[in-house]
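Participant: The following block contains the structure, expressed as structure tokens.
Bear in mind these aren't lab numbers, they're just calculated from the coordinates by the rules spelled out. Not measured: the values here are computed from a predicted model. Cβ placement follows ideal geometry from the backbone for every residue including glycine, while neighbour counts extend to all protein chains displayed.
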Amino acid sequence: MKITWIESNLEANGDIPWSYWSSPEHSQRSWTFLFERNRYGSDVIHKTTHRCPNLSKALALIYLEALFCLSVIQLQAHTNDWKAFGADNASTQYSPLKQIHQGNVRHLKVAWEYKSEPLNKKLRSQIQCNPLVIDGVLYGSSPNLIIFAVDAATGEEKWQFNPFTKSNPVGVNRGLIFWEEAGKSRILFTASHWLHALDTRTGHLIRDFGYDGRIDLRKHLRPGAEKSFILSNTPGSIYGDLLILGTRVSEGPGPSAPGYIRAYNVRTGNLEWVFHTIPHPSEFGYETWPSDAWSKMGGANAWSGLAVDEKRGWVFCPTGSPAFDFWGGNRKGKNLFGNCLLVIDAKTGERVWHYQLVHHDLWDRDLPASPNLIELTINQETIEAVAQITKSGHVFLFHRETGKPIFPIEERPFPPSDLKEEEAWPTQPIPTIPPPFARQQLKPSDITQISPESNRLMSAKLKSVRSGGQFVPPSAAGTVIFPGFDGGGEWGGAAWDPATEWLYVNANEMPWILTMVESGKDISTADISSGKLLYGRLCATCHGMDQEGDPQKTFPAIANIGEKMNKAQIMAQMSQGKGVMPAFAFLKEAEKSAIANFLMGDEVTEKPDSFTQTREAKTKEDEDKSPYTHTGYNRFLDNEGYPAIKPPWGTLNAIDLKEGRIIWQVTLGEFKDLTARGISPTGTENYGGPAVTAGGLIFIGASKDEKFRAFDKFTGEVLWEANLPAGGYATPAIYAIDGKQYIVIACGGGKMNTKSGVSYIAFSLPN
């Protein structure tokens with residue numbers, strides 16, 4: 001049972017500071033106490049309002065404790081652990097713990113720090129892991145995907161497991177999977193294209209799982225997919241003895257694997273079912289693609305996390321865009337089940353319902369985070385619902401049982417594409433309620449005013465590209481993507497508070513510019529090397545045609561790679577991948593050699609038609625390739641390196657979902673140099689999500705200034721902040737051991753050109 005008291009628009013749970021209760025401005029207010037059913041199984045008892053004139057501390061204590069004692073016993077057994085990615089299978093990112101609250105959060109101190117591996121200052125690495133905490137043990141991953149277990153009260157290491165003793169670490173890890181039965185438990189995780197199972201007690205591989213303790217995720221797809229880029233950054237979800245898992249696949253102009261959703265037996269590793277997100281003949285949705293799409297198209301993958309309705313036995317799967325992200329002339333149609341909230345029967349793998357949030361995606365509008373399974377009270381009726389945030393800055397709300405929208409969604413018209421062979425879908429679904437939590441269009445009046453020069457230069461730049469808001473198709477002139485490729489909402493997810501029925505979500509308001517080029521036509525010379533052609537098609541989208549990466553070094557410069565690596569090493573890295581770089585195993589040895597020669601300045605020059613003639617045997621393959629690539633993932637930055645739009649650039653938002661309105665919006669993050677110039681905190685780009693507590697707090701790192709903050713969940717006021725050794729680009733976890741509450745966050749840094757780190761840091765109140 002949960003007790004909530006409400007004053008006007010202010011709602012609170014747990015401990016409100018006594019200074020608030022006893023202040024003259026609040027002592028005469030009416031307070032409403034609600035006893036309501038929640039996900040922990042308490043029943044609705046009553047709702048009553050009391051006038052409390054001059055409520056003293058002593059009287060309030062007696063009054064509230066008499067009410068609170070009814071619930072404490074039921075709550076106590078549910079508060080200690082953080083058992084799944086996003087806290088639970090419903091992906092709420094909520095903790096009912098309340099020892100730390102608005103009145104004492106300022107006293108938080110570092111309880112322990114665990115360094116997951118030695119720091120390599122030469123490498124830009126990351127940790128994006130939302131750790132698990134179960135029965136006093138914390139499980140997490142290092143920058144190089146070493147899996148570890150530590151004492152959650154002290155940070156003392158229990159064991160480590162390194163899946164990459166014979167190869168380069170590939171990918172990032174955002175969380176782990178825990179399963180237990182009859183006193184036996186295991187940790188499951190993905191690294192590169194492998195799914196592993198470890199004994200929680202020892203960290204050793206469970207050898208009777210799959211093949212010697214692991215499963216190759218490249219298998220059980222269509223023929224040829226075993227050479228494609230496949231991994232899973234985000235953990236799957238458990239239903240009974242099934243692990244349901246999505247994957248990350250390539251979405252570039254090269255070959256791509258299909259993003260099938262699969263279920264494996266947790267005990268044996270056997271494949272139990274496969275859902276084809278690119279439908280096969282006779283399957284639902286097949287007609288929304290060209291007839292042969294199932295045999296060659298890729299993407300439409302569930303990479304961002306799942307949620308499980310345990311009562312119904314359904315898994316809620318948000319999917320991403322079909323490949324290639326920015327041109328779909330070879331995949332005309334709506335392209336189900338790309339960009340869908342897809343609901344699957346967890347036992348059988350059969351579709352229950354779906355809703356497509358973007359038709360025929362040309363903007364990389366993947367659904368970026370796990371959906372939140374929630375309960376809403378609307379017109380005194382309890383509705384079991386699902387909320388899905390998007391990169392466009394919207395929240396879609398559906399009835400969980402039927403998939404019917406809770407609030408109206410309009411199909412609005414958008415402009416056609418001017419790229420050859422492309423047929424952009426004429427309408428896109430836009431929620432009318434709640435309003436978007438990020439701006440929807442970059443207008444001339446929105447251009448930065450940090451300085452007159454910045455305003456002049458960026459205004460001129462905006463006039464030179466295609467703009468006009470959401471879902472304006474990509475173009476050769478350049479198209480403003482706003483919110484950008486990384487949100488609006490992003491992979492850190494949203495936090496759901498069952499007491500207030502508010503959703504908390506951080507947002508990026510960074511514009512990007514997408515410029516399409518015809519494959520090979522971005523090369524200005526008459527004589528072109530085959531290596532340069534291949535580099536322009538496959539590599540320049542990240543590293544740039546000048547090989548200098550991007551301004552924020554999300555993708556590193558490789559202009560002088562020959563000084564650090566020899567040809568064999570470059571070719572090996574293309575084959576295996578490393579870190580966030582995918583493997584290009586589909587390339588022939590001669591093609592990898594050509595790229596390596598180009599990067600080292602040893603390329604052999606050939607006429608474009610000469611190179612084409614050497615590939616006559618691959619005519620059909622070439623027909624399936626996109627005639628376009630793009631010039632890279634380019635943020636729209638001013639001459640000082642700041643976003644070309646007026647602040648805010650990063651925000652934290654509280655959205656009342658039962659009433660469909662934004663309660664508050666505050667900036668998240670700060671540029672100290674701008675503050676020193678008299679420019680108010682602007683917010684920064686942010687990665688990683690919030691966690692909300694019954695103590696009235698939101699905890700979030702995420703910001704570029706490398707701080708960890710606690711916000712008042714009712715007002716958005718910053719109540720506490722701490723400097724981290726590296727950016728906390730991960731969602732925190734909240735737990736308790738022996739009656740003591742902790743908040744822990746991975747401090748991996750590495751994004752947005754910030755320093756890398758290796759630490760997990762836990763905070764608690766002093767003894």
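Participant: Provide Rg over Rh for the stretch 336-414; use the alpha carbon set for both Rg and the Kirkwood Rh (inverse mean inverse pair distance). Before the final figure, lay out the partial values.
Facilitator: Details: Rg = 13.3 Å, Rh = 13.7 Å.
Expressed as Rg/Rh, it is 0.97.
Participant: Treat each spin label as a single point 7 Å out from the Cα along the C-beta direction, and report the Thr165 to Asp345 distance in nm.
Facilitator: Once both label points are built, they end up 4.4 nm from each other.
Participant: I need the per residue convex hull volume for the stretch 243-399, using only the alpha carbons, in cubic angstrom as a whole number.
Facilitator: Working: hull volume 17.7 nm³, N = 157.
Considering the Cα atoms of the stretch 243-399, their hull volume per residue is 113 Å³.
Participant: Length gain on complete extension for the stretch His399 to Lys115, per 0.36 nm per residue less the alpha carbon to alpha carbon distance? Provide the component values of the computation, followed by the final result.
Facilitator: Details: separation 284, 0.36 × 284 = 102.24 nm, distance 4.36 nm.
Full extension of this stretch gives 97.9 nm more.
Participant: May I ask you to list the trypsin sites (Lys or Arg not before Pro) in the stretch 411-516 that are in a DSSP loop and have at most 16 other Cβ atoms within 10 Å of their Cβ? Walk me through the numbers before you get to the answer.
Facilitator: Working: sites: Lys420, Arg439, Arg456, Lys461, Lys463, Arg466; in loops: Lys420, Arg439.
Passing both the DSSP loop test and the Cβ count: Lys420.
Participant: Let me know the shape class of the stretch 662-767, please: from the alpha-carbon gyration tensor, a ≥ b ≥ c as square roots of the eigenvalues, rounded when a/c is under 1.5, otherwise prolate if a/b is greater than b/c, or oblate. Numbers along the way, then the final one.
Facilitator: Values: a/c = 2.04, a/b = 1.26, b/c = 1.61.
Because a/c hits 1.5 or more and a/b fails to exceed b/c, the stretch 662-767 counts as oblate.
Participant: If you don't mind, another one. Placing one identical point scatterer on every Cα of the stretch 351-458 and ignoring solvent, what is log10 I(q)/I(0) from the Debye formula at q = 0.12, 0.16 Å⁻¹?
Facilitator: Those come out to -0.58, -0.87, one per q.
Participant: Taking square-rooted eigenvalues a ≥ b ≥ c of the alpha carbon gyration tensor, is the stretch 308-373 rounded, prolate or oblate, where a/c under 1.5 means rounded and, failing that, a/b exceeding b/c means prolate? Mind dumping the intermediate values first?
Facilitator: Working: a/c = 3.30, a/b = 2.08, b/c = 1.59.
It comes out prolate by the Cα gyration axes.
Participant: What pairs from Lys463/Lys592; Lys166/Lys588; Lys391/Lys564; Lys713/Lys751; Lys109/Lys704 go past 30 Å between their alpha carbons?
Facilitator: Values: Lys463/Lys592 40 Å; Lys166/Lys588 23 Å; Lys391/Lys564 37 Å; Lys713/Lys751 27 Å; Lys109/Lys704 22 Å.
Result: Lys463/Lys592; Lys391/Lys564 exceed 30 Å.
Participant: Hey, can you grab everything whose amide H is under 5 Å from the amide H of Glu375? Only 5+ residues off in sequence or another chain; H modelled, so Pro and N-termini drop out.
Facilitator: Ala385
Participant: When Ser519, Ser295 are ordered from fewest to most other Cβ atoms inside 10 Å of their Cβ, what list results? Don't skip to the end; give the middle numbers.
Facilitator: Working: Ser519 16, Ser295 13.
Going from sparsest to densest Cβ surroundings: Ser295, Ser519.
Participant: How high is the relative contact order of the stretch 189-291, given as a whole-number percent (alpha carbon pairs under 8 Å, six or more residues apart)?
Facilitator: Details: 176 pairs, mean separation 19.6, N = 103.
Value for the stretch 189-291: 19 percent.
Participant: Taking every pair of alpha-carbon atoms in the stretch 714-767, give the share separated by more than 16 Å as a whole percent.
Facilitator: On the way: 750 of 1431 pairs.
Considering the stretch 714-767, 52 percent of its Cα-Cα pairs are separated by more than 16 Å.
Participant: Follow-up. Once phi is turned into θ = phi - 60°, what whole-Hz ³J(HN,Hα) does the Karplus curve with 6.51, -1.76 and 1.60 give for every residue of the stretch 691-699, x standing for Gly and Pro?
Facilitator: 10, 10, 10, 5, x, x, 10, 10, 10
Participant: Ok, one more. Counting each pair of different Cα atoms once, what's the Kirkwood radius of the stretch 86-157 in Å, rounded to one decimal? Show your work: numbers first, answer last.
Facilitator: Numbers: mean 1/r = 0.0688 Å⁻¹.
That comes to 14.5 Å for the stretch 86-157.
Participant: Okay, next question. Once you put a point 7 Å from the Cα of Glu156 and another 7 Å from the Cα of Ala476, both along the Cβ direction, what distance in nm separates them?
Facilitator: About 6.8 nm separates the two model spin labels.
Participant: Now for a different question. Report, in whole Å, the centroid distance computed from the Cα atoms of the stretch 222-287 and the stretch 138-169.
Facilitator: Cα centroid of the stretch 222-287 versus Cα centroid of the stretch 138-169: 26 Å apart.
Participant: Can you list residues from other chains, or at least 5 along the same chain, whose modelled amide H is less than 5 Å from the amide H of Ile177?
Facilitator: For Ile177, the qualifying residues are Leu188.
Participant: Cα extents of the stretch 196-296 along the three principal axes, largest first, in whole Å?
Facilitator: Its Cα atoms span 50, 28, 21 Å along the three principal axes.
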